[in-house]
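Structure first, then comments.
Bear in mind that the values in this text are calculations on the coordinates, not laboratory data. Bear in mind that the values here come from a model prediction, so they are computed numbers and not experimental data. Please note: Cβ atoms are built from the backbone with ideal geometry, for glycine as well, and neighbour counts cover all protein chains shown.
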Amino acid sequence: QQKVQQSPESLIVPEGAMTSLNCTFSDSASQYFAWYRQHSGKAPKALMSIFSNGEKEEGRFTIHLNKASLHFSLHIRDSQPSDSALYLCAVGQGGRALIFGTGTTVSVSP
Amino acid sequence: EAAVTQSPRNKVTVTGGNVTLSCRQTNSHNYMYWYRQDTGHGLRLIHYSYGAGNLQIGDVPDGYKATRTTQEDFFLLLELASPSQTSLYFCASSETGEEGTLYFGAGTRLSVL
């Protein structure tokens, strides 16, 4: 069964700094990789996703994927207090629903 | 943006009670999902469906039944609720399945006393 793990569990970053979040998965046949963000008391909402090895940038957010290492990451440039949230990574493999990691709680201090 | 509505938003029941959580999506998505969220466990998949009348077993199905009556409606049933089922439940829908964006409802907070 697919295992998806995130690190760190939580982190505090100063406003304006880079936030880096990690996600590892166990099944090398995985095909789809995504990040979701959940503000306190709200529903999770998709941030961005990637299919192929490499990097994808959207605004202040960048995903890196290395399938050989079973690892992908999310980097948030110029972190803002509004980025304070629970970040969930998710992995898809053909024929199954998305499997989520346990989450990383990010606090951006002004 | 996709609209997914869950009801009730909050529910309290007693051990052994029956509970039905409802989910409706109005975006003609084929795929619908039930997840539970607990601190330290992230989102865990209970059941999901590819369309009306279809049901697939998730990763934590014990104690839960589900039924997809129409393309819009997906129900989660707890027939003998236990305190271990106290959790925050999210319903989600997707147009393209496991390789597409999930749109979540606002969640139902269930307490089993």
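Here are a few things to note about the model shown:
- Residue selected from the range B:25-43 under the condition in a strand (DSSP E or B) and of a type outside the set (A, V, I, L, M, F, W, C), by the criterion farthest from the other protein chains (Cβ to nearest Cβ): B:Q25
- Unique match (being within 14 Å of chain B (Cβ to nearest Cβ) and touching a residue at least 24 places away in the same chain (Cβ under 8 Å)) among A:L74, A:L47, A:L70: A:L47
- Taking the listed residues B:G100, B:G40, B:G51, the one that is in contact with a strand residue (DSSP E or B) (Cβ under 9 Å, 6 or more places away or on another chain) and over 15 Å from B:V4 (Cβ atoms) is B:G51, with no other qualifying.
- A:A90 meets the conditions (1) small (G, A, S); (2) touching a residue at least 40 places away in the same chain (Cβ under 8 Å); (3) in a loop (DSSP other than H, G, I, E, B) in every case but one. The failed one is (3).
- The condition of being within 12 Å of another protein chain (Cβ to nearest Cβ) and either more than 14 Å from the chain's Cα centre (by Cα) or not in a strand (DSSP E or B) (or both) holds for only one of B:A81, B:A92, B:A106, B:A52, that being B:A106.
- Residue, nearest to A:Q80 (Cα to Cα), within the range A:20-43, restricted to residues that are more than 9 Å from chain B (Cβ to nearest Cβ), more than 11 Å from the chain's Cα centre (by Cα) and among the hydroxyl-bearing types (S, T, Y): A:S40
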